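The values are calculated or read from the model by the stated rules, or taken from the named source; none is laboratory data. Quick caveat: nothing in here was measured; it's all calculated off a predicted structure. Quick reminder, even Gly has a Cβ in these numbers, built from the backbone with ideal geometry, and neighbours come from all protein chains shown.
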Amino acid sequence: MKSALNPRRFVAKIPLHLTILVFAAIWIIPTLGLLITSFRDPTNIAGTGWWTVFPKLFSGGQYSLENYIGVLRGEGLARSFLNSLIISVPATAISTFIASFAAYGFAWMRFHGRKVLFMLVVGLMVIPLQMTFIPILPIYSKLRLAGTFPGIWLAHTAYGLPLTTYLVHSFMAGIPKDLFDSAAIDGASPLKTFWRIVIPISVPALASVFIFQFLWIWNDLLVALVYLSAKPNVAPLTVSIANLVTNRGQDWELLTAAAFVSMALPLVVFFSLQRYFVRGILAGSVKG
Amino acid sequence: MGAESKKGGLALQGTQLVVRLSVRGWRGLWKGLCSIRWNSWAFVAPALLLIGFFLVYPTVMTIFRSFFGRSTNLFGAPFVGFDNWRFVFTNNVMLTALRNNALWAVLFTSCTVGFGLILAVLLDRVKYERIVKSIIFIPAAISMVGASVVWKFVYAYKPAHIDQIGVLNALVVALGGEPVGWLIQRPWVNNICLIVVGIWMWTGFCMVILSAAYKNIPRALLEAARIDGATEWRVFRNIILPLLAPTATVVATTMVVQVLKIFDIIFVMTNGNFSTEVIANRMYKEMFNFFNYGRASAIAVVLLILIVPFMILNIRRFAAQEGGR
């Protein structure tokens, strides 16, 4: 290994550093602009670019939490934030739960049609959800599930199942067979084996799937638009913000703060659980 | 497999069930029910029921529905033959949507996979790899709605004589140009601006997968080529690229599937105005704005037809993996 301070090597590496710098800048500047703007005064936002704060970046008085208070109270985003949580936490939990049963069944149980049915599950991972709305909506309104939380929990659970089942399956199929043999010798029933042995060793995989699915549902717009019919009292953040863009398209103080409210939780999840998230993506790279 | 034959066919068990029922009555039925291996089915049944109701049944119904007229009542619509299909392939807006989806498919897929590949290889050579990777990957965690607001602000437009508040127009003005209505200038500027948002969101995803594959290439292989005097470009072209090609193909198909269904970005940023319509957004409009369920069904089936090859590809790839296990 030569010294990193070798000037020739350093010069040779300048184009590399520059290319990376350009990429990093393009990826970070839009979000940075949003973040800074969300703390600025509405008249300043409309009058000058957000980058004008840089010469006096840390001088007080130009930032406030007014915009956040405005969207959370005035535009009802506090309610939407809660709705997003109410929608995504149970839906994620139910689908991970059902998927882990199904994955175990497909990986370790023997029954007729197992292969064909699992192929169906794999195929359905990429099905356009647009194919499903029109026949389900009338059933939903008859059962009074349209515009309700249980209705959207069920829909999200079902829509997420092909991918979650596939992901958990690919982990469970890799569990050594000896483990099941010794459990069978000890007289454990399949359910007991599943609950006492398979679930505990699948926890890391289940965590990945949970995070993946949670972010998917938290970030979903289409399913919420269709099944909650944009009612403000049940609307999640994505739906409320889409409405805000339509109705208050030029009020950047509201839009930027609202967007950041919706991004806050995914960002926290991302930074604290990045490892699991990346693992989920690597395992699920077939999904569309 | 021994277990398989021991358990016997479900069909056979069903027949036994009927025979026992006729011979022994209700007690026989109960015994018969107990004889089916509920254990095996019980694990997959909840998932299969939900998938059957929410995915399989509606898919069949939607195909059927695409041959019937408007009307929100599923069974009250008149049969119209191929009218909806004629609409899908002759209506101007639909043709624009199909063209835009093709543009998305080409630009979005090549840029996400291309940038992902470049970043995977370049970042491996610098010490600050982790932090840049996080920066590129962050947009994958946020919603398309959030990303749309982020970029709508980047594209913000103010008339030439006042200060620009959007970064892009400020840059254009600083370089001596006139501010541009990025989301209005049809047909190429605004569509490309929308596609950029998609690329910004999904490049990180491609980078993470390609980077994992790149780090699996034995370093000794690359070093050997370099010692033999191969230039960096030749190492990339003749060794790295062929070894990453299978992964890149998988990632590219994922991106194409993703892009065919693209909806949120268009719905939020332009709602398909100014020639930016795409298939999924048009389907939504036919369904909820015009209540023409027949046309909406036909448009959904178009999406399905475009995606079916990728379904088959996934199933085949999975079957090959299973075979190799």
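Residue A:151 fulfils the conditions (1) at the interface with chain B (Cβ under 8 Å from one of its Cβ atoms); (2) in contact with a Leu (Cβ under 6 Å, 6 or more places away or on another chain); (3) not charged (D, E, K, R) except for a single criterion, (1). As a summary of the residue check, residue A:81 satisfies the conditions (1) surrounded by fewer than 24 Cβ atoms within 10 Å (Cβ to Cβ); (2) closer than 30 Å to residue B:42 by Cβ except for the one numbered (2).
Hand me the list of helices (runs of 4 or more DSSP H) wholly inside segment A:160-248 holding 1 or more residues that are farther than 13 Å from residue A:104 by Cβ. Here the list reads A:177-185, A:203-219, A:222-228, A:237-247.
Filtering B:212, B:248 for residues that are part of a helix (DSSP H, G or I) and either at the interface with chain A (Cβ under 10 Å from one of its Cβ atoms) or touching an Asp or Glu at 6+ places or on another chain (Cβ under 8 Å) (or both) leaves a single hit, B:212. Return yes or no: is residue B:229 at positive phi, more than 7 Å from chain A (Cβ to nearest Cβ) and out of contact with any Leu (no Cβ under 7 Å at 6 or more places or on another chain)? Answer is yes for this residue. Which ones in segment A:246-269 are over 18 Å from residue A:35 (Cβ atoms) and either at the interface with chain B (Cβ under 7 Å from one of its Cβ atoms) or of a type in the set (Ser, Thr, Tyr) (or both)? Selection gives A:246 alone. Kindly indicate whether residue A:133 is within 10 Å of another protein chain (Cβ to nearest Cβ), touching a Pro at 6+ places or on another chain (Cβ under 8 Å) and either surrounded by fewer than 22 Cβ atoms within 10 Å (Cβ to Cβ) or not acidic (Asp, Glu) (or both). Yes; evaluated as a whole, the condition is true for this residue.
Residues checked against (1) in a helix (DSSP H, G or I); (2) in the same structural domain as residue B:282 (by TED's automatic domain parsing); (3) touching a residue at least 24 places away in the same chain (Cβ under 8 Å); (4) at positive phi:
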residue: B:113; (1), (2), (3), (4): yes, yes, yes, no
residue: B:116; (1), (2), (3), (4): yes, yes, yes, no
residue: B:134; (1), (2), (3), (4): yes, yes, no, no
residue: B:169; (1), (2), (3), (4): yes, yes, no, no
residue: B:173; (1), (2), (3), (4): yes, yes, no, no
residue: B:181; (1), (2), (3), (4): no, yes, yes, no
residue: B:184; (1), (2), (3), (4): no, yes, yes, no
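Taking segment A:143-157 as the range and being more than 13 Å from residue A:88 (Cα to Cα) and aliphatic (A, V, I, L, M) as the test, the residues that pass are A:143, A:145, A:146.
Residues that are in contact with a Pro (Cβ under 9 Å, 6 or more places away or on another chain), in the same structural domain as residue B:144 (by TED's automatic domain parsing) and not basic (Lys, Arg) do not occur anywhere in segment B:224-245.
Looking at segment B:53-66, is at least one residue small (Gly, Ala, Ser) and either within 14 Å of chain A (Cβ to nearest Cβ) or under 30 Å from residue A:117 (Cβ atoms) (or both)? Within segment B:53-66, one or more residues are small (Gly, Ala, Ser) and either within 14 Å of chain A (Cβ to nearest Cβ) or under 30 Å from residue A:117 (Cβ atoms) (or both). Inside segment A:133-153, residues that are in contact (Cβ under 8 Å) with a residue 24 or more places away in the chain and not in a loop (DSSP other than H, G, I, E, B) make up a count of 7.
A quick yes/no check of all residues on (1) over 22 Å from residue B:189 (Cβ atoms); (2) at the interface with chain A (Cβ under 7 Å from one of its Cβ atoms):
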| position | (1), (2) |
| --- | --- |
| B:101 | no, no |
| B:105 | no, no |
| B:116 | yes, no |
| B:128 | yes, no |
| B:142 | yes, yes |
| B:159 | no, no |
| B:165 | no, yes |
| B:168 | no, no |
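Quick check on my filter: what residues within segment A:118-145 are on the phi < 0 side of the Ramachandran plot and more than 27 Å from the chain's Cα centre (by Cα)? Those that are on the phi < 0 side of the Ramachandran plot and more than 27 Å from the chain's Cα centre (by Cα): A:138, A:139, A:141, A:142, A:143. In segment A:192-202, is there at least one residue being within 21 Å of residue B:49 (Cβ to Cβ), within 27 Å of the chain's Cα centre (by Cα), buried (at least 16 other Cβ atoms within 10 Å of the Cβ) and within 11 Å of another protein chain (Cβ to nearest Cβ)? The answer is no, given that none of the residues of segment A:192-202 is within 21 Å of residue B:49 (Cβ to Cβ), within 27 Å of the chain's Cα centre (by Cα), buried (at least 16 other Cβ atoms within 10 Å of the Cβ) and within 11 Å of another protein chain (Cβ to nearest Cβ).
Scanning segment A:136-153 for residues that are surrounded by fewer than 21 Cβ atoms within 10 Å (Cβ to Cβ) and within 21 Å of residue A:97 (Cβ to Cβ) gives A:145, A:148, A:149, A:150, A:151.
Determine, yes or no, whether residue B:259 is surrounded by 21 or more Cβ atoms within 10 Å (Cβ to Cβ) and either within 17 Å of the chain's Cα centre (by Cα) or touching a residue at least 40 places away in the same chain (Cβ under 8 Å) (or both). Considered against the rule, which asks whether it is surrounded by 21 or more Cβ atoms within 10 Å (Cβ to Cβ) and either within 17 Å of the chain's Cα centre (by Cα) or touching a residue at least 40 places away in the same chain (Cβ under 8 Å) (or both), residue B:259 comes out as yes. The set of residues in segment A:135-164 that are within 17 Å of residue A:216 (Cβ to Cβ) and in contact with a helix residue (DSSP H, G or I) (Cβ under 7 Å, 6 or more places away or on another chain) comprises A:152, A:153, A:155, A:156, A:157, A:158, A:159, A:160, A:161, A:162, A:164.
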